Amino acid sequence: MAAPWNPPVKAEDFEFSVCLEDYVNPGLFKANPTLAAGDVTISKDEGAFANLATLPVVAPASGRNVNAELTATEMTADKVTVIFHDQTVPPEWSDLSINILTTA
């Protein structure tokens, strides 16, 4: 994996971390959120959304921090949008959208 820091470079691996807000307890981060296939999708230059190649992971285990890794292919765009959307009903955590603008 390439350097995970900013600025995000077009067509290079990139990683970032987020915390997901607890749906039942707004204002608090969800401890150990469950992430399943289809919960995190990506769009390149406002195209159709698709699942990430690698499902984000909670690190450290049972913590609140969620690490996402995007491949060079996923970063081949000027604008990359990553959406976190829990598909369970009711959801464990609230929706989150991350927009990444790449540099040359």
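Each value in this text was obtained by applying a stated rule to the coordinates, not by laboratory testing. For clarity, every value in this text was computed on a predicted model and none was experimentally measured. Note that we place each Cβ from the backbone using ideal geometry, even for glycine, and neighbour counts take in every protein chain shown.
Structure values in brief
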| item | result |
| --- | --- |
| The stretch 33-47 - phi-based ³J(HN,Hα) in whole Hz, Karplus 6.51/-1.76/1.60, Gly and Pro as x | x, 8, 10, 10, 3, x, 6, 10, 10, 9, 10, 10, 6, 6, x |
| Sparsely packed trypsin sites (Lys or Arg not before Pro) within the stretch 39-104, loop by DSSP, other Cβ within 10 Å at most 15 | none |
| Residue 98-residue 79 pseudo-label distance in nm [points 7 Å out on the Cα-to-Cβ vector] | 1.8 |
| Residue 54-residue 12 FRET efficiency (beta carbon distance; Förster radius 25 Å; 0.05 resolution) | 0.95 |
| Mean projection area, nm², convex hull over Cα of the chain | 6.4 |
| Near-label residues of the stretch 74-104 by backbone N, under 17 Å of a point 7 Å along Cα→Cβ of residue 28 | 91-94 |
